[in-house]
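*Asks:* Please see the structure below; I have some questions.
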Amino acid sequence: MQHLDLTVIRQALAWAREGETLWLCTVLSTFGSSPREPGAWLVARRDGRHVGSLSGGCVEEDFLERLAGGAFEAPVQRVRYGDAAGEEGGLDGPRVSLPCGGLLEVLVERLVPGETTLEHLSALEAALTGQRPRLRHVDLTSGQTHLEDDAGLGERVMLEAAGGDAVPGQVRLRVGPVARLVLAGMSPVAEACAEFAQRLGFEVILCDPRPEVLDGLTLSGVERVEALPSAFIAGGGCHGATAVVALTHDPRIDDLAMIEAVRTEAFYLGVMGSQKTSAARAERLRRSGGLSDDELARIQMPIGLNLGSKTPAEIALAVMADIVRVRRGRERTVL
């Protein structure tokens with residue numbers, strides 16, 4: 001799945017190899033109506049060619065017009081759209097109104113041709129296509145950047161005020177592989193989860209050993225693997241941005257999938273079932289699967305947020321909401 005982040009960085013690499021100066025724009029924060037979330041990218045050249053988006057319309061038009069007029073020569077700067085205060089607070093504030101009184105803050109980096117730019121963009125491409133999330137540090141004064149390894153969970157953008165270990169004058173940006181949802185077996189709830197997950201930008205993989213089930217699947221954009229989910233997982237099907245959910249009520253599929261999944265770096269593991277069923281499964285996994293208390297604690301049993309869900313769609317909503325919660329680094333107690 002080639003998501004938009006990867007498309008942006010690959011185009012940036014291609015232009016950098018041609019010796020072009022680039023402007024890499026990152027959405028830092030939003031308030032009110034905004035179609036793109038913090039961390040979204042756009043890359044542009046002075047001639048107006050660009051890939052990616054920041055708002056889906058007026059912001060891009062203003063930025064490209066100002067870029068063509070010779071603006072954004074500094075190595076790095078922050079631009080706020082929708083702020084009637086203009087340049088208050090040291091932010092470059094174009095007078096562009098956003099729908100519903102929204103605010104949008106953008107980081108603009110000027111990347112000059114050379115080995116340093118090529119190496120950095122290549123490292124970003126590797127993070128997006130590989131299995132190792134990175135944390136990207138950008139100095140808001142000099143524009144210098146560096147990467148370090150990261151767990152891949154939590155907010156995509158952290159400004160200097162966010163967190164006790166933050167460095168003043170820096171922004172930290174999470175970069176990693178596209179979120180993946182592995183559905184261990186087909187069921188009505190799994191089908192509904194696949195639909196929700198695709199709208200949320202997940203790569204969706206359905207593993208089921210029954211060919212007739214896969215042949216009858218009508219969802220487009222879902223990768224189908226004719227194999228036991230446990231075999232797919234054991235074969236390297238998970239990375240740190242993967243959620244594995246078992247929603248079949250069949251212990252031969254669900255239990256085996258969890259036994260393999262706890263050995264991976266997947267950020268979310270969950271199995272559907274009542275409190276009574278989950279307690280019995282935990283004992284079974286401990287006794288027959290040899291799972292430790294720490295490994296069992298990684299598995300959400302019962303799966304999902306307690307929304308009082310009844311229908312397959314409602315259960316899928318609870319499951320995907322819980323996955324998003326964990327991916328964003330939120331505790332259930334703060335919901």
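The values are calculated or read from the model by the stated rules, or taken from the named source; none is laboratory data. Fair warning: this is a prediction, and the values are worked out from it, not measured in the lab. Neighbour counts run over all protein chains shown; Cβ positions are idealised from the backbone, glycine included.
*Asks:* Do you know which of the residues in the stretch 240-268 that are assigned to a loop (DSSP other than H, G, I, E, B) and crowded, with 20+ Cβ neighbours inside 10 Å is modelled with the lowest pLDDT?
*Replies:* A241
*Asks:* For the condition surrounded by 14 or more Cβ atoms within 10 Å (Cβ to Cβ), at positive phi and either at pLDDT 80 or above or more than 28 Å from the chain's Cα centre (by Cα) (or both), what is the one hit in F72, F63?
*Replies:* F72
*Asks:* Of all residues in the stretch 204-239, which are part of a loop (DSSP other than H, G, I, E, B) and of a type in the set (K, R)?
*Replies:* Scanning the stretch 204-239 gives a single hit, R210.
*Asks:* Being at pLDDT 95 or above, assigned by TED's automatic domain parsing to the domain that holds V244 and either touching a strand residue (DSSP E or B) at 6+ places or on another chain (Cβ under 7 Å) or surrounded by 13 or more Cβ atoms within 10 Å (Cβ to Cβ) (or both) is the requirement here; does R298 meet it?
*Replies:* The answer is yes for R298.
*Asks:* Evaluate the stretch 281-289: report whether one residue or more is in the same structural domain as V244 (by TED's automatic domain parsing) and either more than 20 Å from D250 (Cα to Cα) or assigned to a loop (DSSP other than H, G, I, E, B) (or both). Even if it seems obvious, please write down each step before you answer.
*Replies:* Filtering the stretch 281-289 for residues in the same structural domain as V244 (by TED's automatic domain parsing) gives 281-289.
Keeping just the survivors that are either more than 20 Å from D250 (Cα to Cα) or assigned to a loop (DSSP other than H, G, I, E, B) (or both) gives 288-289.
Yes; the residues of the stretch 281-289 include at least one that is in the same structural domain as V244 (by TED's automatic domain parsing) and either more than 20 Å from D250 (Cα to Cα) or assigned to a loop (DSSP other than H, G, I, E, B) (or both).
*Asks:* Please specify each residue of the stretch 181-203 satisfying the condition of being surrounded by fewer than 23 Cβ atoms within 10 Å (Cβ to Cβ) and part of a strand (DSSP E or B).
*Replies:* E203
*Asks:* Of R136, R110, which residue is surrounded by fewer than 19 Cβ atoms within 10 Å (Cβ to Cβ), assigned by TED's automatic domain parsing to the domain that holds E37, under 21 Å from L54 (Cβ atoms) and in contact with a Leu (Cβ under 8 Å, 6 or more places away or on another chain)? Talk me through it step by step, then tell me what you get.
*Replies:* Working: R136 fails: surrounded by fewer than 19 Cβ atoms within 10 Å (Cβ to Cβ).
None of the other options fit; the residue is R110.
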